[in-house]
Every structure is written in structure tokens, then in C-alpha cells.
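A short write-up of the structure that comes next.
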Amino acid sequence: MKFEEVLPALREGKKIRRKSWGRVRSFIIIKDDSLVDDYRCNVVIYAYDLEADDWEIVKKKVKLRDLTEEQFKKYCKSFTGNGNYGRDCDKCVFHNVSCTLFYDSYWIKHKDLYSDKFLDQEVEVEE
């Protein structure tokens, strides 16, 4: 992604990074009106950084058993791209469970009914 594509996420308080950074810097975030890295050191963005196309929003893997309802809602929106839940079910890890957020019976409110095999699956969510 280009910097201008991840800029809205940065403004929302999400962590972003360049893939090419490797382990040098894990992410940058806005903190107290400054760009800082994961060590809370100020970060300078150069022109070549702005022109790069390897920017990404930092994500972390979360097991379904640890997934919160809020994370699940964000995951669904990011997965479908438009917030319409259930539109790409064949590609989704939740295609065999009730995942419609409009009902009280959807899976995340009843994790105790699901197997360890299902709950040990992981999804990537934005930090």
C-alpha cells in the first residue's frame, strides 16, 4: 500500500509499518502529536518512505477463543470490505457457524458451545 492509503488508519490511532523495515522498527503510531515507533522514539518519514508502496496496517493473530466481540465486528468489516457481513462466506473461517451480528445467537456470544478445534483457529485483526 502507499502511504496515503494507510494514513487514515494512522490518524485513527492504528499502528502502521513498512514491510521493508524488518525488525528495525515494528510500527509507528501517533502519540502526543508526534510519530513514534514501538520504542517511543520520534520517527522521521523521508520522501522515499512517502513514495514507497510497502506500507501496511499492523495486524496480530488472535485465537477465536480470545477474540472479543468488537474485534470480530472489525474483522467482518475488513474481510468483506464494506461492512456487509456474510458476503464472502466461502473464504471465511466462520462460514460454518452463525456469524450474523444482528441476532443474539451468533457464535461469539456462545463460545462454550464450540470445539477446541474451532476455537484454536486464528484470525488476523488490526492492533
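What to note about this one:
- With respect to the conditions (1) in a helix (DSSP H, G or I); (2) modelled with pLDDT under 90; (3) among the hydrophobic types (A, V, I, L, M, F, W, C), Leu50 lacks only one, and its number is (2).
- Qualifying residue in region 5-17 (condition: charged (D, E, K, R) and over 19 Å from the mean Cα position of the chain (by Cα)): no
- Among the residues of region 106-119, those that are open to solvent by less than 70 Å² (accessible area, probe 1.4 Å) and either part of a loop (DSSP other than H, G, I, E, B) or more than 30 Å from Leu10 (Cβ to Cβ) (or both) comprise Tyr106, Trp107, His110, Lys111, Tyr114, Ser115, Phe118, Leu119.
- Extreme residue, modelled with the lowest pLDDT, among residues of region 59-94 that are open to solvent by 80 Å² or more (accessible area, probe 1.4 Å) and more than 17 Å from Lys109 (Cα to Cα): Asn82
- The set of residues from region 100-127 being out of contact with any Gly (no Cβ under 7 Å at 6 or more places or on another chain) and either at pLDDT below 85 or of a type in the set (Gly, Ala, Ser) (or both) comprises Leu101, Phe102, Tyr103, Asp104, Ser105, Tyr106, Ser115, Glu126, Glu127.
- Taken together, the criteria place Glu56 among residues that are at negative phi, surrounded by 11 or more Cβ atoms within 10 Å (Cβ to Cβ) and at pLDDT 90 or above.
- Residue match in region 23-36 (condition: in contact with a Gly (Cβ under 8 Å, 6 or more places away or on another chain) and open to solvent by less than 40 Å² (accessible area, probe 1.4 Å)): yes
- Cβ-Cβ contacts under 8 Å between residues 6 or more apart (or on different chains), taken from a first residue in region 26-44 that is of a type in the set (S, T, N, Q) to a second residue that is open to solvent by 70 Å² or more (accessible area, probe 1.4 Å), are listed as Ser34/Asn42.
- So Asp49, is it surrounded by 13 or more Cβ atoms within 10 Å (Cβ to Cβ) and more than 23 Å from Tyr75 (Cα to Cα): yes
- Among all residues of region 15-22, there is at least one that is part of a loop (DSSP other than H, G, I, E, B) and touching a residue at least 40 places away in the same chain (Cβ under 8 Å).
The values are calculated or read from the model by the stated rules, or taken from the named source; none is laboratory data. Computed from a predicted structure; not experimentally measured. Methodologically, a virtual Cβ is constructed for each residue, glycine included, from the backbone with ideal geometry; neighbour enumeration extends over all protein chains shown. Just so you know, the surface numbers come from the protein's heavy atoms only, side chains and all, with ligands and any DNA or RNA stripped out. Shrake-Rupley method; radii C 1.70, N 1.55, O 1.52, S 1.80 Å.
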